[in-house]
Amino acid sequence: MLFINVIIIIIVIDVFIIIIIIIFFKDLSHYEYDKMVTKSMMLLNRYYSSYDNLFKRAVQAQVLY
């Protein structure tokens, strides 16, 4: 019975932390960024994603080989 209570408390704490994070970052999502900043962040995201996908495929090819 004690084990179940501990699990429930952990779940409640996790949900509470997630709610706090959502509330904290909600204000940041409405901030107006400069168009140059958003475009550069988009390019950096594409650059990172392409290399991340390339690395994952290379690792998978090594495993399959």
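The values are calculated or read from the model by the stated rules, or taken from the named source; none is laboratory data. In this text, all values refer to a predicted model and were calculated from it rather than measured experimentally.
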*Report whether or not V15 is at pLDDT below 85 and in a helix (DSSP H, G or I).*
no
*If you check N5, N45, N53, which single one turns out to be at pLDDT below 85 and in a helix (DSSP H, G or I)?*
N5
